[in-house]
Amino acid sequence: MSSPPRRLLRIGSPGNSLISLYETSAGFQEPYVALSYCWGKSPTLKTESENIEFLKQGFDLSQLPATIRDAIRIAQNLGLEYIWVDALCIVQDSKRDWEEQSAEMCSIYEQAHLTIAASSSGAADLSFADHSSRPQALRYRVPGPGGVVLAARAECTSGHHYNPTGRAPAPPEPILTRGWTLQESILATRCMAYSTDELQWRCRETSECECEMPADFRRDIIVPGHDGHDDDDGEEDGDGGEVDSFAFWNRVVEQYTQRHLTVATDKLPALSGICQLIAGRKKSGSSPSPSPSPPPRYLAGLWEDGLPYCLLWERATDVEGSDVAVPDPERGYRAPSWSWASVDCPVYPSIDLLNIYPHARVVGSAVSLAGADPFGQVRPGASITAAGRLLRDVKVYEVEGRFATYRVQPLDRDRGAVRDEEIVADGPLEGFRFRDREGRVRRSVRRSVATTTTTTSTITTTTGDAGAERDGAVERGLAYGGGSTVFLFLTARRHYKPNDFTTFYFLVLGVSPKDCSKYERLGMIGMGFGHHQFDDVAEQTITIL
């Protein structure tokens, strides 16, 4: 069994208002409640280095915001004397403590006797237990003998009934919009959710609610092997095999990238608990031998055993929120360009694996952690090295009037003609000029940089000439016939044998503004060609930052 949380709030029995921060020991086995909620923007009491001793001595319940007060009262009435609340059980101004405790999220929520989800509250200073917005039942007594009474109430659309594609979709509850709360929901062994419409219950055996209508499992993410539901991908819950884990992770990333984070650099740490769960499953299920191989490495949002397919994630252009700019680099490095975590928009994390074959090999990686969490923040400069076929100097231009829409013009070798195909760009792109190893000024393309204010670009050359100023302006628009080019790296193919038609999947790359001997991802594209279209293209090894 895992160690207990390092700290809990000791709340006592019903009616008690003296709360204290309690540091557990290794033998601590008392049941506790975990709270899942939205912080909001109002300042509230939280544990920091200067007040931790005061909080251990005890403080009044009234000093806490409404959401936490509600959760404490509920826990007390259930006979539970301890509760875990992140704002108070993690020292918020200690980077080390924050990293160590965020790395324990899996065990904290899995071991909790109960998780209370303040689903309807958008901020910690708002009550979730004392609101009056729940639909009222209407009753009508049928005239005549028998005393028949008809009752009706509005259909519940919140919590596990939420369906964004329904007849009259309601806005999602606040807790469904926040990044951190996704893993809290998935990891919870038992969860009691206070939704806008009703009280809802979910555990590994069943889901129940006051309206008694079945839950909508189209958005529910089920850990493989944790209950009897079929998942949305058509896979039966089984023994935790690789297919289950791959499908599970894809669903997590797809929903997670539709949520928001207050702190941009939390992009990877906010999924750390789920990564711990997956790593444990991969380790225990990777081999039947007495000495199973170690689990695959986690590389800034991608699993090593999912490569190269996981490199082919794409911006979900059909999902609300996809029209966003590339993150501002001044807010901190988050992830390399080849990771979905490098962009702020909904993504589809991987292509369908049906009839798919790899066309590239990842032969090396360099990812350094920025802290104690093995699934947390990474240091700048993370890279992968891959061997495959690279199409050079493919012309690219922007389609006017449509957000981040670009087309490339590769050569169709079978027909001897230039194709014109749309790529799925990771976001807005811009052209820039750089000087190559021979000293020639050349053009390439990069993701638009939100803070770029000058017309010159800097780049590190292969000879180590860091920061050398380059000729030419940054090109905000990529005009048709403007001379901007990209590279297409053949990553995988899907082969349909009846007509010998093959779809080839490429990473769209540009020269890295940081090092012109390396590349950065700009997007992806799938194109149909004859099966042997690229057989004569020489394989080469490249590094992508």
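Worth pointing out:
- In the range 278-294 there is no residue matching the filter, namely being open to solvent by 40 Å² or more (accessible area, probe 1.4 Å), out of contact with any Cys (no Cβ under 8 Å at 6 or more places or on another chain), in a helix (DSSP H, G or I) and modelled with pLDDT of 85 or more.
- Elements of type strands (runs of 3 or more DSSP E) contained in the range 1-110, each with 1 or more residues being open to solvent by 40 Å² or more (accessible area, probe 1.4 Å) and touching a residue at least 60 places away in the same chain (Cβ under 8 Å): 7-10, 18-23
- Selection count, the range 495-542, where residues are assigned to a strand (DSSP E or B) and either among the aromatic types (F, W, Y) or surrounded by 17 or more Cβ atoms within 10 Å (Cβ to Cβ) (or both): 22
- Candidate set: the range 399-417, residues that are modelled with pLDDT under 80 and assigned to a strand (DSSP E or B); chosen: the one most open to solvent (accessible area, probe 1.4 Å): L411
- Within the range 338-357, the set of residues being open to solvent by 10 Å² or more (accessible area, probe 1.4 Å) and within 15 Å of A264 (Cα to Cα) comprises S342, D344.
- Pair list, Cβ under 9 Å, 6 or more apart: the range 245-273 residue in contact (Cβ under 8 Å) with a residue 60 or more places away in the chain and charged (D, E, K, R), other residue open to solvent by 10 Å² or more (accessible area, probe 1.4 Å) and not in a loop (DSSP other than H, G, I, E, B): E254/Y348; R259/L176; R259/T177; R259/R178; R259/W180; D266/W180; K267/S342
- Enumeration of residues in the range 376-398 that are outside any strand (DSSP E or B), within 20 Å of P308 (Cα to Cα) and open to solvent by 30 Å² or more (accessible area, probe 1.4 Å): G381
- P329 falls short on exactly one of the conditions (1) open to solvent by 50 Å² or more (accessible area, probe 1.4 Å); (2) at pLDDT 70 or above, and that condition is (2).
The values are calculated or read from the model by the stated rules, or taken from the named source; none is laboratory data. It should be emphasised that the depicted structure is a prediction, and the values quoted were computed from it without experimental measurement. Every residue, glycine as well, gets a Cβ built from its backbone with ideal geometry; the counts of neighbours run over all protein chains shown. Heads up: the accessible areas ignore ligands, DNA and RNA and are worked out on the full protein's heavy atoms, side chains in. Shrake-Rupley method; radii C 1.70, N 1.55, O 1.52, S 1.80 Å.
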